[in-house]
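Asks: Could you have a look at this structure, given as structure tokens, before my questions?
All of the numbers you see were taken from the coordinates with simple rules; none came from a lab. Only a predicted model underlies this, so the values are computations on that prediction, with no experimental measurement involved. All Cβ positions, glycine included, derive from the backbone under ideal geometry; neighbour counts span all protein chains shown.
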Amino acid sequence: MEQGRIVVVGSSNIDMVARVHHLPLPGETVGNAHFLQAFGGKGANQAVAASRLGGTVAFVTSLGNDLFAKVLTDHFKENGISVDYIRLSEKNPTGTALIYVSDSAENCIAVSPGANGELTPDYLETCKAVFDGASVVVMQAEIPYQTIAFVAAYAHANGVKVLFNPAPACHIDDDLFQKIDILVVNETEAQYVSGVSLSNGEIPFIAQKLLDKGVKAVVITLGVRGAYLATSRESGWVPSYKVSAVDTTGAGDTFCGALAVACSKEELSQDHLRFACAAAALSVTKEGAQPSIPTRDEVLAFMKNR
Ligand code: RIB
């Protein structure tokens, strides 16, 4: 795979994870939880994934006025990520995610954005140099929508491919749709952003609706059922790799980071989805978002053995 430089613009969180027998119901207390604190945030997870999987990565994020700012900056550097455009908040704490993970590997997450809310268009205006010579910018929806629109417009106008993962699901306006080169969504997000419920249309129908809105390529991830790619040239399913899942937190982020690396210099293809599916499959075999992200060598060895 030919590699281009990747810029990730997005959130950083500290994940507070309680591993429980089952996800608590409203009003229920579930005891005997196993606690784990790990680095997370959809932006940070995707930046770490892209870097561990062989990409050259710069990360634009906003960290809090707390001890985590230094710890996270060091962690990103250790993962080979350029940290020149990290913002340090004076008034907000680093983002926090409260996560339950059940024995059946399901999760539910509540996020307090904290400093992530300060990743504003005004700040991005001061970071334009990070996009010089970049091949692709990767964004998710844990930062202000205006920032996503600003970055997409700037990247689009300057020949930088835009990979957008609207997670958590958010409304996308017509103008933004037309700036997106690669839209990566899970089933829930696909229904939300297309406005078509799965009860009224199959996955290929929803993908076509999104292409009609001006997106150049749509990738719909379906967990154990693999992923679906639709572009104006090709469409088709890529199967998942069967593994024993321990924790699915961050699997979608690993997929996006891997996809960015795989197609940074090439037109998106089903081969790129296969690499991303393999990386995501390996990530669910371990606990935690960033602790579970595999390296490129691990993914290539895994694919060879299957
Ligand atoms: O996608 C997983 C991530 O979502 C977690 O790391 C958590 O921080 C939330 O942002």
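Asks: Can you give the convex hull volume of the alpha carbon atoms of the chain per residue, in Å³?
Replies: Details: hull volume 39.6 nm³, N = 306.
Each residue corresponds to 129 Å³ of Cα convex hull volume.
Asks: What FRET efficiency would be calculated for the residue pair residue 16, residue 123, taking the C-beta separation as r and a Förster radius of 30 Å, to the nearest 0.05?
Replies: Values: r = 26 Å, r/R0 = 0.88.
FRET efficiency, residue 16 to residue 123: 0.70.
Asks: Read phi for every residue in the stretch 252-267 and hand back ³J(HN,Hα) as whole Hz from Karplus 6.51 cos²θ - 1.76 cosθ + 1.60, θ = phi - 60°, with x for Gly and Pro.
Replies: My calculation for the stretch 252-267 gives x, 5, 4, 4, 5, x, 5, 4, 4, 5, 5, 10, 4, 10, 10, 6 Hz in order.
Asks: Taking 28 Å as the cut-off for C-alpha to C-alpha distance, list the pairs among 42/161; 91/128; 179/304 that go past it.
Replies: On the way: 42/161 19 Å; 91/128 24 Å; 179/304 36 Å.
Cα-Cα > 28 Å for 179/304; rest within.
Asks: Another question, then. Roughly how big is the stretch 201-255's charge dipole about its Cα centre, with Cβ charges of +1 (Lys, Arg) and -1 (Asp, Glu), in debye to the nearest 20? Spell out each step's value before the answer.
Replies: Values: 6 positive and 5 negative charges, 30 e Å.
With only Lys, Arg, Asp and Glu charged at Cβ, the dipole is about 140 debye.
Asks: Using θ = phi - 60° and the Karplus form 6.51 cos²θ - 1.76 cosθ + 1.60, what ³J(HN,Hα) does each residue of the stretch 94-101 get, whole Hz, x for Gly and Pro?
Replies: My calculation for the stretch 94-101 gives 4, x, 10, 10, 9, 10, 9, 10 Hz in order.
Asks: Radius of gyration and Dmax for the stretch 106-191's Cα atoms, expressed in Å?
Replies: Just the Cα atoms of the stretch 106-191 yield Rg and Dmax of 13.3, 40 Å.
Asks: Next up: With N set to the residue count of the stretch 1-146, report its C-alpha Rg divided by 2.2 N^0.38 Å to two decimal places. List each step's numbers first, then the result.
Replies: Values: Rg = 16.4 Å, N = 146, 2.2 N^0.38 = 14.6 Å.
In units of the 2.2 N^0.38 Å rule of thumb, it is 1.12.
Asks: According to a simple spin-label model (label point 7 Å from Cα along Cα-to-Cβ), what is the distance in nm between residue 65 and residue 109?
Replies: For the pair residue 109/residue 65, the computed spacing is 2.7 nm.
Asks: Still on this structure, I have one more. Which whole-number percent of Cα pairs in the stretch 198-272 have a distance greater than 20 Å? Intermediate results must be reported in sequence, preceding the final value.
Replies: Values: 949 of 2775 pairs.
Taking all Cα-Cα pairs of the stretch 198-272, the fraction more than 20 Å apart is 34 percent.
Asks: Please identify the GluC sites (Glu not before Pro) of the stretch 167-263 that satisfy two criteria: DSSP loop assignment and at most 15 other Cβ atoms within 10 Å. Which are they? Don't skip to the answer; put the middle values down first.
Replies: Details: sites: 187, 189, 202, 234; in loops: 202, 234.
Passing sites in the stretch 167-263 are 202, 234.
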